[in-house]
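Here is the structure we will look at.
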Amino acid sequence: MNLLTVKKYLFKQSLTKFQEIQLKYINSILQDILVPILCDYKNIDIIKSQITDIESFYFGFKQNPSSISEKLALPLYISNRFFIASSGPRFGSIYEDLIRSFLENFGYQVDERVNIFKYTLFSEYYQKKYSKQQKVIDFIARKDNKLYLIEQRTSEHSGGRTGQESLLDKFKVFLNWIIEKSADPLINKGLREIYLIIFISYSQKHEILTEQNVNRGRINSLIEYIVENLGDYFTRLTNKGFKTECIDLASCLEKYRRLIFYTNQIKIEFRIMLGEEFYKEILGEKYSSLKNKILNEELGDDLWVIYSILPYELRLYYEEGFMWSNRIYEMLISRYNNIITSASNEDDIINKIASKIIEDQKDLRLLETNNLSKQYEYLKTLCAASLILYALKCPSRLGI
């Protein structure tokens, strides 16, 4: 098992950057709802009280459920509703944090969600009249003499006209500064290359975006909008003394998805980067290798462990009046604490606890199967859940 809560809070171990990000986003889900249900059975009734009349009408939830199935329906539905609703908005944020960690690992100095008017490097450009304006760009990254202004979109089909406009408005501000004043403030700070990047990560089928799977219609629509809205700025750059090899903006973007403007001292490059391009060119590694490293080496198991046992534990509560995860947690406190203090990692603890429970609990049957291997695997999952409760000090207050 790779239990991040146990590593962080019990063993006081350092986590990787990605593990810190994952724990940041799952911690509240664990501590606000999933773990409190296991730690205090009264929370089941509190959760049931969250149901609205409209939901009852729609799902057919009974006011006084009698069967096990009827009793299970409400708490499972409410916990799932909270879990899914709170998870959805986090997906984009966790990906942004992941991109930041990748950039930092590859030597970039990174600022995330930056109001361009407040960015220190641009202090010589903005004026008091801009002090209350907000133009937030996803990332500003610097490495050596290169500066990257990056707008990231998770999917090629996210955002319509409004989304396209928000992609470009920060670039308009930046280009206008260069045109109206000069690039000297950036040159004087050691910058020689500026990249204005629209980075689109995934295809409509949730695959990393490549030349082979990109939707040409959507890219061409974006290019059309770019030419329409930034074309004048690019023309003004050339009037300012910047050179370019591109004669027709639309053709260059359709063919290369890049425009380059340069002087003897500085280069400004506008790019539309597909997911795989971004990983190879900016991060220096294939997406697949970075992804596999996370999936195979760094992912924490905490959330799926708790989420997977919850239906079985709720059923046991309605049938027997207790949950095994809570009972094992109490054993850890009262009888098995020496196992924790003498163990070197969570797998060692889990195996020792599982063995001790089998020794102490004769004829233990956790699942409706005679397969002892499956029984033992589920017992270890319960022990892992109990260890999470122990590491988090078993919070009993719901956060809903």
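When 279, 336 are screened for being at negative phi, in contact with a Leu (Cβ under 7 Å, 6 or more places away or on another chain) and of a type in the set (Ser, Thr, Tyr), only 279 passes. Counting the residues of segment 239-250 that are surrounded by fewer than 15 Cβ atoms within 10 Å (Cβ to Cβ) and within 19 Å of residue 168 (Cα to Cα) gives 0. Across segment 239-287, what is the total count of residues that are of a type in the set (Ser, Thr, Tyr), in contact with a Phe, Trp or Tyr (Cβ under 6 Å, 6 or more places away or on another chain) and not in a loop (DSSP other than H, G, I, E, B)? Counting residues in segment 239-287 that are of a type in the set (Ser, Thr, Tyr), in contact with a Phe, Trp or Tyr (Cβ under 6 Å, 6 or more places away or on another chain) and not in a loop (DSSP other than H, G, I, E, B) gives 2. For segment 200-221, check the following and say yes or no: at least one residue is assigned to a loop (DSSP other than H, G, I, E, B), open to solvent by less than 10 Å² (accessible area, probe 1.4 Å) and at pLDDT below 90. Within segment 200-221 (the criterion being assigned to a loop (DSSP other than H, G, I, E, B), open to solvent by less than 10 Å² (accessible area, probe 1.4 Å) and at pLDDT below 90), the answer is yes, since at least one residue qualifies.
The combined condition, being within 29 Å of the chain's Cα centre (by Cα) and assigned by the TED database to the domain that holds residue 112, is fulfilled by residue 208. Taking interchain pairs and intrachain pairs at least six residues apart, which have beta carbon atoms under 8 angstrom, with the first residue in segment 188-210 and on the phi > 0 side of the Ramachandran plot and the second among the hydroxyl-bearing types (Ser, Thr, Tyr)? Within 8 Å, the pairs are 206/155. Here residue 12 qualifies as under 27 Å from residue 298 (Cβ atoms), open to solvent by 30 Å² or more (accessible area, probe 1.4 Å) and either assigned by the TED database to the domain that holds residue 326 or more than 27 Å from the chain's Cα centre (by Cα) (or both).
Residues in segment 263-285 that are at pLDDT below 90 and surrounded by fewer than 16 Cβ atoms within 10 Å (Cβ to Cβ): 284, 285. Consider segment 386-400. How many of its residues are surrounded by fewer than 19 Cβ atoms within 10 Å (Cβ to Cβ) and of a type in the set (Ser, Thr, Tyr)? Counting residues in segment 386-400 that are surrounded by fewer than 19 Cβ atoms within 10 Å (Cβ to Cβ) and of a type in the set (Ser, Thr, Tyr) gives 1.
Of the helices (runs of 4 or more DSSP H) lying entirely inside segment 28-109, those carrying at least 1 residues that are more than 28 Å from residue 330 (Cβ to Cβ) and not acidic (Asp, Glu) are 53-59, 68-105. The number of residues in segment 367-379 that are open to solvent by less than 70 Å² (accessible area, probe 1.4 Å) and among the charged types (D, E, K, R) comes to 0. Within segment 319-356, restricting attention to residues that are assigned to a loop (DSSP other than H, G, I, E, B) and of a type outside the set (Lys, Arg), the residue that is most open to solvent (accessible area, probe 1.4 Å) is 344.
Here is a yes/no grid of residues against (1) part of a helix (DSSP H, G or I); (2) within 30 Å of residue 66 (Cα to Cα); (3) of a type in the set (S, T, N, Q); (4) open to solvent by less than 70 Å² (accessible area, probe 1.4 Å):
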| site | (1), (2), (3), (4) |
| --- | --- |
| 290 | yes, no, no, yes |
| 296 | yes, no, yes, no |
| 317 | yes, yes, no, yes |
| 358 | yes, no, no, no |
| 365 | no, yes, no, no |
| 381 | yes, yes, yes, yes |
| 384 | yes, no, no, yes |
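The values are calculated or read from the model by the stated rules, or taken from the named source; none is laboratory data. As the structure is a computational prediction, the values presented were derived from the model and not from experiment. Using ideal geometry, Cβ is built from the backbone for each residue, glycine included, and neighbour counts are taken over all protein chains shown. What goes into the accessible areas is simple: the full protein's heavy atoms, side chains included, and nothing from ligands, DNA or RNA. Shrake-Rupley method; radii C 1.70, N 1.55, O 1.52, S 1.80 Å.
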